[in-house]
Amino acid sequence: MPKHYRPAGKKKEGNAAKYITRTKAVNYLQVSLAIFRKLCILKGVFPRQPKKKVEGNHKTYYHMKDIAFIAHDPLIEKFRQIKVHRKKVKKAIAKKNRDLADRLLNRPPTYKLDKLVLERYPTFVDALRDLDDCLTMVHLFAALPAVDGERVEVKRIHNCRRLSHEWQAYISRTHSLRKTFISVKGIYYQAEVQGQKITWLTPHALQQVLTDDVDFNVMLSFLEFYETLLGFVNFKLYHSINVNYPPILDPRLEALAAELYALCRYMATGSGRVIGNSESGGAIKEKEDENNNASSKADESELRLAQLQHQLPANEPGALMHLVEESTAVDTDDDETKECKSLFKNLKFYLSREVPRESLLFIIPAFGGTVSWEGEGAPFNEVDEDVTHQIVDRPTQSHVFLSREYVQPQWVFDCVNARIILPTEGYLVGRVPPPHLSPFVDNDAEGYVPEYAETIKRLQAAARNEILPLPGDEDLDNSLVAAMMDRTESNEAAEKKMKLEMLEKQYHDELKMEIDGVTFSNLSNKKADKSPDTMDKDDTKSYHEEDEKNQAEKDSADISTALMSRKKLGLYKAIEEAQKNGGANVVGELPPDLLCLISGSLREAGDSVRFHAVCQT
């Protein structure tokens with residue numbers, strides 16, 4: 001008898017005993033394929049790839065332990081009850097027993113996924129690590145149209161919108177946002193919560209169309225678990241900053257679709273800050289005393305609504321600033337959080353109606369700024385004199401306030417990624433903004449560093465050295481940074497240059513005298529007649545005069561080139577390089593329009609010498 005012989009009817013061994021096909025698993029659990037798929041999604045069971053596929057390569061395999069794990073779960077019994085309930089409702093409607101059908105529809109079997117969350121994520125850090133897909137899915141369904149009759153229920157979309165805003169309010173309140181990037185798919189965000197980096201994607205604020213190419217039943221199964229998971233995570237995070245959960249929002253702001261702003265105000269109040277006055281509190285007590293004797297339910301409901309609205313902070317200008325102000329708790333922020341907290345400090349933003357309001361209302365407070373928008377429920381209006389930046393996304397601006405900067409939305413995202421306040425000249429209204437660089441790409445590892453990335457690095461280095469570059473052209477910033485070099489190095493360079501020029505001048509003088517036929521004896525007699533002190537004084541005086549003249553010419557050239565635009569400076573440098581390489585007639589070969597452009601820039605800069613030189617050519 002062979003060593004591995006197994007008699008018929010005996011227990012299986014190896015891969016045949018460890019793995020089972022999907023069809024056999026469905027028959028083993030006695031459920032339909034749709035319920036089996038939903039159970040696998042909720043329990044976190046996924047197909048396996050055994051080394052040896054006993055039943056064939058075209059079949060899907062599951063581990064036998066996973067199937068036994070599903071079989072012993074109480075959730076499978078709930079699904080069987082739901083299936084029986086649907087049959088009862090269908091049978092009552094077929095028998096035209098409408099009363100029985102209504103009673104059955106009003107008492108459907110329900111289930112909760114609370115234990116599944118604890119089962120799959122034993123610790124809170126495990127839940128945070130697996131939150132990327134959860135947040136992306138919830139934000140996706142929050143952007144879908146809430147229309148009755150569609151494949152997604154309206155209450156499900158409203159719940160996703162509520163959960164996403166609660167998450168964003170916490171990230172903004174704790175200044176945990178680190179990176180952001182605008183792409184074709186949507187807007188990427190990365191936050192750091194309790195040492196875990198969480199990245200998610202939110203779709204653009206556009207009209208979404210439900211396509212037939214997507215199986216929404218599978219996506220709704222994932223969403224059902226993700227809603228429960230994100231609810232538990234928000235509960236834990238809110239209690240970590242001493243804020244009650246779930247939050248109570250102002251119904252007026254909810255009606256105006258300003259849930260995120262309402263959440264910000266609620267969190268500012270819940271963390272120990274009350275933005276009201278004592279008079280409003282006294283008025284509430286008087287109203288309570290007056291309405292205690294009221295017997296009608298309508299009056300009680302109105303009183304409750306008044307109490308709710310007065311408990312919330314007043315909608316006064318700058319109320320959103322309390323979102324980013326220091327809380328009463330002990331300051332335990334790290335250096336990166338403090339840097340993010342003070343990026344937009346003392347800056348006041350106003351959003352025009354055409355910009356993406358939701359994303360900017362999330363980003364700007366997360367980095368210490370105050371923000372308002374065009375519409376009802378805003379904390380301050382457009383004519384506020386304290387506004388420093390207005391975000392617009394249109395080709396022209398009709399009315400302009402001279403006390404503020406008008407920039408495109410990309411400026412906010414680039415400032416967040418660079419962690420500095422970038423110059424606004426490249427982001428003005430009507431201009432093509434600089435390239436939007438992704439903070440998730442390592443340029444050194446890729447082997448290519450974009451030009452604008454190098455500019456941002458220079459600005460960051462200047463900010464670290466407490467050198468504040470003026471808003472202007474990029475070359476002007478570079479010249480200002482270069483002008484702040486160490487004084488000792490510049491003095492050493494000047495001394496070396498002076499010695500080299502003296503030796504070169506001496507060589508040219510001796511060469512000239514040799515050509516003129518002056519002998520060494522005559523030269524020595526002339527030197528003897530003239531005292532050494534006089535010679536030294538003459539040489540020193542002539543050298544200093546020549547040095548001062550060269551320095552004046554160099555300073556005027558630097559000032560003129562610093563005031564040029566990038567295009568004119570490039571043309572001017574090209575002409576100088578060509579002349580140095582021997583092309584003396586290169587100016588004459590240029591088109592007349594380019595010559596006029598260069599001469600005009602030199603005339604504006606005040607460089608008269610170079611202007612006349614260009615005109616003569």
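The values are calculated or read from the model by the stated rules, or taken from the named source; none is laboratory data. Predicted model only: the values in this text are computed from it and were never measured. Counting neighbours? That spans all protein chains shown, and the Cβs are built from the backbone with ideal geometry, glycine included. Only protein heavy atoms, including side chains, enter the accessible area calculation; ligands, DNA and RNA are left aside. Shrake-Rupley method; radii C 1.70, N 1.55, O 1.52, S 1.80 Å.
Residue under question is Leu105, and the condition is that it be closer than 30 Å to Glu192 by Cβ, at pLDDT 90 or above and in a helix (DSSP H, G or I); does it hold? Give the steps one after another, and end with the answer.
Details: closer than 30 Å to Glu192 by Cβ: no; at pLDDT 90 or above: yes; in a helix (DSSP H, G or I): yes.
When the stated conditions are applied, Leu105 does not pass them.
If the condition is being among the aliphatic types (A, V, I, L, M) and in a loop (DSSP other than H, G, I, E, B), then segment 342-384 contributes Leu343, Leu347, Val355, Ala378, Val383. So which residues in segment 189-236 are within 29 Å of Ile364 (Cβ to Cβ) and small (Gly, Ala, Ser), if there are any at all? Across segment 189-236, the qualifying residues are Ala191, Gly195, Ala205, Gly231.
Looking at the structure I just gave you, is Ser479 hydroxyl-bearing (Ser, Thr, Tyr) and modelled with pLDDT under 85? Considered against the rule, which asks whether it is hydroxyl-bearing (Ser, Thr, Tyr) and modelled with pLDDT under 85, Ser479 comes out as yes. For segment 152-195, filtered to residues that are of a type in the set (Val, Ile, Thr), more than 18 Å from Asn234 (Cβ to Cβ) and at pLDDT 90 or above, the residue that is most open to solvent (accessible area, probe 1.4 Å) is Val184.
Per the conditions (1) within 23 Å of Ile248 (Cβ to Cβ); (2) at pLDDT 85 or above; (3) open to solvent by 10 Å² or more (accessible area, probe 1.4 Å), the sole criterion not satisfied by Phe362 is (3). Might you let me know whether segment 204-214 holds any residue that is in a loop (DSSP other than H, G, I, E, B), of a type in the set (Asp, Glu) and open to solvent by 40 Å² or more (accessible area, probe 1.4 Å)? Yes, segment 204-214 contains at least one residue that is in a loop (DSSP other than H, G, I, E, B), of a type in the set (Asp, Glu) and open to solvent by 40 Å² or more (accessible area, probe 1.4 Å). His239 passes every criterion in (1) part of a helix (DSSP H, G or I); (2) open to solvent by 60 Å² or more (accessible area, probe 1.4 Å); (3) under 19 Å from Phe362 (Cβ atoms) apart from (3).
Checking each residue in segment 310-342 for being at pLDDT 50 or above, open to solvent by less than 20 Å² (accessible area, probe 1.4 Å) and not β-branched (Val, Ile, Thr) picks out only Cys340. Checking each residue in segment 45-65 for being open to solvent by 30 Å² or more (accessible area, probe 1.4 Å) and under 42 Å from the mean Cα position of the chain (by Cα) picks out Phe46, Pro47, Arg48, Gln49, Thr60, His63.
Residues being in a helix (DSSP H, G or I), open to solvent by 70 Å² or more (accessible area, probe 1.4 Å) and either outside the structural domain of Phe225 (by the TED database) or under 19 Å from Tyr245 (Cα atoms) (or both) are entirely absent from segment 131-139. Is it true that some residue in segment 390-400 is surrounded by 19 or more Cβ atoms within 10 Å (Cβ to Cβ), closer than 23 Å to Gln460 by Cα, modelled with pLDDT of 90 or more and not assigned by the TED database to the domain that holds Gly186? No: segment 390-400 contains no residue that is surrounded by 19 or more Cβ atoms within 10 Å (Cβ to Cβ), closer than 23 Å to Gln460 by Cα, modelled with pLDDT of 90 or more and not assigned by the TED database to the domain that holds Gly186.
Yes or no: segment 395-409 includes at least one residue that is of a type outside the set (Val, Ile, Thr), in a helix (DSSP H, G or I) and within 15 Å of Ile363 (Cβ to Cβ). Full working, then the answer.
Filtering segment 395-409 down to residues of a type outside the set (Val, Ile, Thr) leaves 395, 397-399, 401-406, 408-409.
Subsequent filtering for residues that are in a helix (DSSP H, G or I) retains 409.
Pick out the ones that are also within 15 Å of Ile363 (Cβ to Cβ) and you get 409.
Checked against the condition, which is being of a type outside the set (Val, Ile, Thr), in a helix (DSSP H, G or I) and within 15 Å of Ile363 (Cβ to Cβ), segment 395-409 yields at least one hit.
Hey, any hits in segment 80-98 for a residue that's closer than 27 Å to Ala17 by Cβ and surrounded by 11 or more Cβ atoms within 10 Å (Cβ to Cβ)?
Of segment 80-98, the ones closer than 27 Å to Ala17 by Cβ are none.
No, because not a single residue in segment 80-98 is closer than 27 Å to Ala17 by Cβ and surrounded by 11 or more Cβ atoms within 10 Å (Cβ to Cβ).
The set of residues in segment 421-445 being in contact (Cβ under 8 Å) with a residue 12 or more places away in the chain, in a loop (DSSP other than H, G, I, E, B), of a type in the set (A, V, I, L, M, F, W, C) and open to solvent by 30 Å² or more (accessible area, probe 1.4 Å) consists of Ile421, Val429, Leu437, Phe440.
Looking across segment 103-130, the residues that are without any contact (Cβ under 8 Å) to a residue 40 or more places away in the chain, farther than 23 Å from Arg162 by Cβ and open to solvent by less than 60 Å² (accessible area, probe 1.4 Å) come down to Leu104, Pro109, Asp126.
Restricting attention to segment 242-266, report how many residues are modelled with pLDDT of 75 or more, closer than 17 Å to Thr174 by Cα and open to solvent by 10 Å² or more (accessible area, probe 1.4 Å).
Going residue by residue through segment 242-266, those that are modelled with pLDDT of 75 or more are 242-248.
Remaining after also requiring closer than 17 Å to Thr174 by Cα: 242-245, 247.
Filter once more, keeping what is open to solvent by 10 Å² or more (accessible area, probe 1.4 Å): 242, 244-245, 247.
Number satisfying all stated conditions: 4.
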